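Asker: Dropping a structure here in structure tokens format, bear with me for questions.
The values are calculated or read from the model by the stated rules, or taken from the named source; none is laboratory data. Here the structure is a predicted model, which means the values were calculated and not measured. Using ideal geometry, Cβ is built from the backbone for each residue, glycine included, and neighbour counts are taken over all protein chains shown. Ligands, DNA and RNA are excluded from the accessible area calculation, which covers all protein heavy atoms including side chains. Shrake-Rupley method; radii C 1.70, N 1.55, O 1.52, S 1.80 Å.
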Amino acid sequence: MSQNNNVSRKDYKKKSKKQNNKQSKKQAPKKGGPKKWFKRIVLTLLALFMLAIIAGGGLFAYYASSAPEMTEEDLLGTFSSDLVDMDGNVFYTLGGESRDYADASEFPQVMKDAMMAIEDQRFEDHMGIDPIGIARAAVGYVTNRGQIVGGGSTITQQLVKLSVFSTLREDQTLERKAQEAWLAVQLERQLSKEQILTLYMNKVHMAGNVYGIATAAEEYYGKHVSELELHEAALFAGMPQAPNRYNPYVNPETAKNRRDVVLNVMRDEGVITAEEAEEAKAIPIEEGLVERTEDDQNNLVFDAYLTEVLDEVEEKTGLDPFRAGLTIYTNLDMDAQESIYEALHSEDINWTNENMQSAMSLIENNTGKVRALGGGRNQEGQLNFNHATDIKAVGSTIKPLTTYGPAIEYLEYSTYHQIVDEEYAYPDGTPLRNYDSQYRGQMSMREALVDSRNIPAAKIMNEDLEASQVEQFITGLGLDPELLNSGATGILPQNAINGDLSPLQLAGSYASFANGGNYTEPYTVERVVTHNGQEIDLTPQTSQAMSDYTAYMITDMLKDVAAVYNNSVGIPGVPQAGKTGTTNFSSADLERYGYPSGAVPSSWYVGYTSNYSLSVWTGYRNNSEGYLTFDDGSRNIPRQLYRQVMATVSESVENTDWSRPSSVTEVAVEDGSNPAQLPGPNTPSTNIVTELFVTGTEPSEVSTRFGVELTAPTGLSAEYDEESEVLSITWDDYSLENDDETPQYVLNIGGQSVTVSETEYTVSTPPSGSLTITLAVTAYGNTGPSTSVNVTIPEPVEEEEPEDEEVEEEPEDTEEETEEETEEEPATPPVDSETDDEEPVEEEPEEGDTEEEEEEPEPTPPPEDDDETGEEEDSEV
């Protein structure tokens, strides 16, 4: 029986009614729907959050389980690292043994307050980790593709990181953060807050080779750590974030700003008063700093090299050279390094002011080994700003890299390839000009590079080459196309004449031209041996960056550049190639700073021999600090520095010239022909240039610009007129294909030569006998074959003296009278009017005439002067 049978009908009806009402309510529209949905969303999010917490906790537990063990030696001990030069000599020792430890009681309270205020304000309250900081790190991990970019690490976590882990930014992963946090919690259980803070302050890097606050107190202020004052403690507390950047010797202004930030935080935290903060901020940052010792100054000789070594070791190994106990075998040539340092501080260089900076990078071409670096002038502290590795605009030194190198490599252009230097604008319409604001018309690629013409370079890169070809070429030289322009990515049209590179990158790229086309990334460290004996080889691989024909042809053109500047870069007995470069101020900058129109921000010279590649930059760190000009010689400083250093390093090596590879052919071509043509038979020697071609692309067509081969002139004849005693020589006119050229004629008469421009020539009273007359045409600087003719000049006829008795009967005074008359009128002897054959008084005048002829010099041909040939036609031969 159903359950309904146990109740009355009335009760059953009531119960049925209630159930029907409930069903009706369910079918009716619900009230309060959005509120119920919101509740569900919140519950869902809460569930997801809890799930994330659980997942995160699981991930944290997983990472923590693989955390390394932290020992007492890790917290207290450290090992020094030795740096060894190319000759096997230890030239510097990092960290370790030079550290001074201080007990907790020796640190003044102001030092502790400053450190906690700026580094970890909740240090005394947390358990080793800051949950807020961890959450921020987790968000950073998600938003920055698996990299932690910031973080809220506690002092305890930082101590763990300094003791166990790498400090490199790329190592700041979520796994590392989890392991740091786990070890920090464990450390808090083992040590007191005071012990942790003391260990941290004894371990922090304080710039250069200084570690720990106690060591810094002695190094910077020459005092014990217990004697530190408020402004000094604030400086030290702010330095661990970026030790070298906040070095008061190197960047006093930056260091002061950081110190004042710490003072403001201490004031806000209530550990000092506002008045104390202001008094401390009023103290100059340099006050109390001790002078650098002689050892410190000596260390500055190789400071730029040291800086690059540290960066290279940390980047390639992840080890901290300051505490890992490494033996670092470097490529440092100490003699070359000292030469660079001396050059950068030479009193023979006309440095305009103390703010002027310069940098140098010396690389061994065949290996890529960095032999020396000069990071700047007038350094006051170690690990200073390194201009040798700083990215800068390089001006025209980039042209072989982005334009001429790719043009030869991919288009097989010859060094003669013709370009027109004319008015030009970039694809976006921006006009471009040359350094002299002039246009030289058609010229060869060699001429354009040697004279550093901007427009030909821009034309080749933007009109002839593909951007992909330029990118491929410079990538082969270890350069990143994405970093070639500040604020932009990829190749830009202006990269034909400018781009951003460091002196080290520039020297490394040019080394590939010097060694035949191979590229090895410049490197300062050859190998590293760890504290436990593990050897790490850091020698990079060598790759072919370009064909040998490209390397040789670029080098051959750049040898001409070095020849142009031989007075400033030439070194006797050392073949070399090189390129200048200059950057420019905008018109707005010239106006802003009040600089003259000829002012430039920087100047470059990069050159190389068969052994070394050396780049030199001179300029200012900031445009507002000064400029370079030709007026004071500052634009020429890079070339002076180059010669001084390159001459020194070249003394101990064999300096050979480059050998032309079989892939390159040397060809004499007619200058001005386009495309290149071989010289014709009449091409003047002054119109012939020798250029380089990729083998197989040499020109074969012969130029006819100056006509075909010269032939012998025609119509040569010679006639002698006995009556006038004149030899007349004539010939046919000779025509040339080039209307701009006028032929000349070389006439040889009995061994005497004369050059004339007419087609006739006369000789008065030629010598008697057989004469051979030759004639040849000269044009375009060449002389053609000759033609000849013979002519016989008869002996002059001497008339016999008549026998006349009347002459003998004449009185003696008549003869004297005749002589007197002859002297007065020697050209008009008396003649018998009745008889033509009779000359009664001829003998005496003939004797006089004979004496005059003997006194006259032998006849000579007229001078070979084209402009006066016509006036000398009657000259005697």
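Asker: Treat every Asp and Glu Cβ in the range 228-362 as -1 and every Lys and Arg Cβ as +1, leave all other atoms uncharged, and give the resulting dipole magnitude about the Cα centre to the nearest 20 debye. Don't jump to the answer; show the numbers that get you there.
Answerer: Values: 9 positive and 30 negative charges, 110 e Å.
Using only the charged Cβ atoms, the result is roughly 520 debye.
Asker: Using a probe of 1.4 angstrom, how much of the accessible area of the range 591-647 is carbon and sulfur, in percent?
Answerer: Values: 780 of 2070 Å².
Its accessible area is 37 percent carbon and sulfur atoms.
Asker: State, as an integer percentage, the relative contact order of the range 621-766 based on alpha-carbon contacts under 8 Å between residues 6 or more apart.
Answerer: With pairs under 8 Å counted, the relative contact order is 14 percent.
Asker: Please give the net charge around Ser512, taking every other residue with its beta carbon less than 13 angstrom from that of Ser512, where Lys and Arg add +1 and Asp and Glu add -1.
Answerer: Here the count lands on -4.
Asker: Moving on to the next point. Sort 350-360, 547-557 by the packing proxy (mean of other Cβ within 10 Å over each peptide's residues), most packed first.
Answerer: Details: 350-360: 18.9, 547-557: 23.4.
The peptides rank, most packed first, as 547-557, 350-360.
Asker: Something else about it: Show the residues, 5+ positions off or on another chain, whose built amide H is closer than 5 Å to the amide H of Asn738.
Answerer: none
Asker: Please turn the phi angles of the range 329-337 into ³J(HN,Hα) values with the Karplus equation 6.51 cos²θ - 1.76 cosθ + 1.60 (θ = phi - 60°), one per residue in order, whole Hz, x for glycine and proline.
Answerer: Calculated HN-Hα couplings, in order: 8, 9, 9, 5, 9, 4, 5, 5, 4 Hz.
Asker: Give me a comma-separated list of calculated 3J(HN,Hα) values for the range 500-506, in order, Karplus coefficients 6.51, -1.76, 1.60 applied at θ = phi - 60°, integers in Hz, x for any Gly or Pro.
Answerer: 10, 9, 9, x, 5, 5, 5
Asker: Per residue, how much accessible area does the range 306-424 have with a 1.4 Å probe, in Å²?
Answerer: Heavy-atom accessible area per residue stands at 31 Å².
Asker: From Cα coordinates alone, what are the radius of gyration and Dmax values for the range 608-761 in angstrom?
Answerer: 29.0, 93
Asker: Under 5 Å between amide hydrogens, which residues at least 5 positions from Asp421 or on another chain qualify, with H placed 1.01 Å from N in the peptide plane?
Answerer: Correct list: Arg440, Gly441, Gln442, Met443.
Asker: Counting residues in the range 327-387 as N, plug N into 2.2 N^0.38 Å and put the Cα Rg over that result.
Answerer: So the Cα radius of gyration is 1.23 times the expected 2.2 N^0.38 Å.
Asker: Let me ask something else about it. Can you order the peptides 312-320, 397-405 by their average number of other Cβ atoms within 10 Å per residue, highest first?
Answerer: Details: 312-320: 18.2, 397-405: 27.3.
Ranked by mean Cβ neighbours within 10 Å, highest first: 397-405, 312-320.
Asker: Follow-up question, since we're still on this one. What per residue convex hull volume, in Å³, comes out for the range 389-541 when only alpha-carbon positions are used? Numbers along the way, then the final one.
Answerer: Details: hull volume 19.3 nm³, N = 153.
Looking at the range 389-541, the number lands at 126 Å³ per residue.
Asker: Please compare each pair in Lys193/Lys256; Lys112/Lys256; Lys161/Lys316 to a cut-off of 26 Å on the Cα-Cα distance and tell me which ones are over it. Write down the numbers at each step before the final one.
Answerer: On the way: Lys193/Lys256 29 Å; Lys112/Lys256 20 Å; Lys161/Lys316 19 Å.
Those over the limit are Lys193/Lys256.
Asker: Further, regarding this structure: Taking every pair of alpha-carbon atoms in the range 257-414, give the share separated by more than 28 Å as a whole percent.
Answerer: 47 percent
Asker: Give or take rounding to whole Å, what are the principal axis extents of the alpha carbon atoms in the range 507-630, in descending order?
Answerer: 59, 41, 27
Asker: For the range 309-336 and the range 483-512, what is the separation of their Cα centres, given in Å?
Answerer: Measuring centre to centre over Cα atoms gives 27 Å.
Asker: With the convex hull built on the Cα atoms of the range 539-578, state its orientation-averaged projected area in nm².
Answerer: Over all viewing directions, the range 539-578 projects a mean Cα-hull area of 4.1 nm².
Asker: Would you mind counting up the charge near Met86? Only other residues with Cβ under 13 Å from its Cβ, with Lys and Arg at +1 and Asp and Glu at -1.
Answerer: Working: positive: Lys369, Arg371, Arg527; negative: Asp85, Asp87, Asp333, Asp335, Glu364, Glu526.
For residues surrounding Met86, the net value is -3.
Asker: Related question: Which order do the peptides 188-195, 331-338, 681-688, 607-614 take when ranked by the mean count of other beta-carbon atoms within 10 Å per residue, highest first?
Answerer: 607-614, 331-338, 681-688, 188-195
Asker: What does the net charge come to around Met360 if you take all other residues with beta carbon closer than 15 Å to its beta carbon, with K and R at +1 and D and E at -1?
Answerer: Net charge around Met360: -3.
Asker: When you take every Cα atom in the range 195-332, what is the radius of gyration, and what is Dmax, the widest Cα pair distance, in Å?
Answerer: Values for the range 195-332 (Cα only, Rg and Dmax): 16.5, 54 Å.
Asker: Under a 5 Å amide H to amide H cut-off, with H placed in plane at 1.01 Å, what residues pair with Thr695 once short-range neighbours are removed?
Answerer: Residues meeting the criterion, in which the H sits 1.01 Å from N, are Val664, Thr665.
Asker: Convert each backbone phi in the range 110-126 into a coupling constant with the Karplus relation 6.51 cos²θ - 1.76 cosθ + 1.60 (shift: θ = phi - 60°), then list the ³J(HN,Hα) values in order as whole Hz, x for Gly and Pro.
Answerer: In residue order, the calculated couplings are 5, 6, 5, 4, 5, 5, 5, 5, 8, 9, 6, 6, 9, 4, 6, 10, 7 Hz.
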